[in-house]
Amino acid sequence: MTGCRQPTFNPKGQAVKGEWEPKIALTATAVQRELILTGQRLGENDNWIAGFCRYYGQPIISRDGAFDRVRGLRRLVLNCKD
């Protein structure tokens, strides 16, 4: 596995640039292709987010129902007061 490691954070809690698994890009590309074949799309950033979640097998926490179109991605919605 090339360069896969846990993210590190600076004292302000911001993620510090690190290496990432190139297979995440392939997963994000697969998400995009699947949606295009059904005549749908996500925005570029949402596509990356969906790819990360699918690659790591984790749900996404979002109020955006667009993620429901991604096969194999589970969306969790927090019931918070605005």
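The values are calculated or read from the model by the stated rules, or taken from the named source; none is laboratory data. Just so you know, these numbers come straight off a predicted model, no measurement behind them. Ideal geometry is used to build each Cβ from the backbone, glycine not excepted, and the neighbour counts take in all protein chains shown.
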Can you name the residue in region 54-82 that is in contact with a Pro (Cβ under 7 Å, 6 or more places away or on another chain) and not aliphatic (A, V, I, L, M) and, of all such residues, is surrounded by the most Cβ atoms within 10 Å (Cβ to Cβ)? R75
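Of all residues in region 2-58, how many are modelled with pLDDT of 85 or more and not aliphatic (A, V, I, L, M)?
Qualifying residue count for the region: 24.
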Counting only residues in region 42-53 that are among the small types (G, A, S) and part of a helix (DSSP H, G or I), the one surrounded by the fewest Cβ atoms within 10 Å (Cβ to Cβ) is identified as G51
Restricting the first residue to region 42-69 and requiring it to be within 17 Å of Q32 (Cα to Cα) and without any contact (Cβ under 8 Å) to a residue 24 or more places away in the chain, which pairs with a second residue that is among the polar types (S, T, N, Q) and assigned to a strand (DSSP E or B) meet a Cβ separation below 7 Å and a spacing of at least six or different chains? none
